[in-house]
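All remarks here apply to the structure that follows.
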Amino acid sequence: DTAVSQTPKYLVTQMGNDKSIKCEQNLGHDTMYWYKQDSKKFLKIMFSYNNKELIINETVPNRFSPKSPDKAHLNLHINSLELGDSAVYFCASSHRERSGNTIYFGEGSWLTVV
Amino acid sequence: AQSVSQHNHHVILSEAASLELGCNYSYGGTVNLFWYVQYPGQHLQLLLKYFSGDPLVKGIKGFEAEFIKSKFSFNLRKPSVQWSDTAEYFCAVTTSGGSYIPTFGRGTSLIVHP
């Protein structure tokens, strides 16, 4: 019973390609997130989304876009991939009004751009 | 906006040594505090959390943390570490009234030598 699942786990692709990472949560949470973890392990929030609002970290290039078909899914689409996009991308979810907004993470997607 | 500081970036210990990892946050209102652990090659898992009540919180695997409001701190402790505790440790905060998006510290890398 994976609570937050994301696919693919590993992705190797060439510069300039467009790719998507899918994320699904079965926790009944109302908010989902995408975080980027760089090689120094720093966690950077990219997007936060619930069915009312999308919050975008203004430092995220507009080549990155979240797409949410429903409350349980928040996919990450990346256009024109660059070498610097290589990182681990974590999807996460929480319920804003419960448990202090405790966040639960997916297992990560290791993206390598060559 | 809230922020989180983890002062120890790299900690190296021998097995059975005691551990204390520092975490300080900046926010003047009510906070919820978390410690997450990331084992090598894995995702972030919740170790423990504080919302209210007893400021000494016990988590999984023998970890505990103490919330000291006057010092804006939430340090993580373990009396006797094991080799299997080798991991990256992240402190995080959410706020009531401020941004609900969890803010993470930069992480502390712990290496435990057998």
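Taken over the range B:96-114, the criterion of being within 11 Å of chain A (Cβ to nearest Cβ) and open to solvent by less than 10 Å² (accessible area, probe 1.4 Å) is satisfied by B:Pro102, B:Gly105, B:Gly107, B:Thr108. If the condition is being more than 14 Å from A:Ser48 (Cα to Cα) and in contact with a Pro (Cβ under 9 Å, 6 or more places away or on another chain), then the range A:64-77 contributes only A:His77. Could you tell me whether any residue of the range B:67-78 is basic (Lys, Arg), open to solvent by 30 Å² or more (accessible area, probe 1.4 Å) and part of a loop (DSSP other than H, G, I, E, B)? Taking every residue of the range B:67-78 in turn, none turns out to be basic (Lys, Arg), open to solvent by 30 Å² or more (accessible area, probe 1.4 Å) and part of a loop (DSSP other than H, G, I, E, B). A residue that is under 10 Å from the mean Cα position of the chain (by Cα), within 10 Å of chain A (Cβ to nearest Cβ) and open to solvent by less than 40 Å² (accessible area, probe 1.4 Å) occurs somewhere in the range B:18-34.
Restricting the range A:10-40 to residues that are facing chain B (nearest Cβ under 10 Å) and in contact with a Ser or Thr (Cβ under 7 Å, 6 or more places away or on another chain), the residue that is surrounded by the fewest Cβ atoms within 10 Å (Cβ to Cβ) is A:Thr31. For the range B:35-66, a residue qualifies if it is closer than 27 Å to A:Trp110 by Cβ, β-branched (Val, Ile, Thr) and in a strand (DSSP E or B), and exactly one does: B:Val37. For the range A:41-88, the set of residues classified as open to solvent by less than 40 Å² (accessible area, probe 1.4 Å), away from chain B (no Cβ under 11 Å) and either over 21 Å from B:Tyr100 (Cα atoms) or part of a strand (DSSP E or B) (or both) consists of A:Arg63, A:Phe64, A:Ser65, A:Pro66, A:Asn75, A:Leu76, A:Ile78, A:Leu81, A:Asp85, A:Ala87, listed by residue number.
The values are calculated or read from the model by the stated rules, or taken from the named source; none is laboratory data. Owing to the predicted nature of the structure, the values given are computational and were not obtained by experimental measurement. Cβ: placed from backbone, ideal geometry, glycine included. Neighbour counts: every protein chain shown. Protein only, heavy atoms only, side chains kept; ligands, DNA and RNA dropped before computing areas. Shrake-Rupley method; radii C 1.70, N 1.55, O 1.52, S 1.80 Å.
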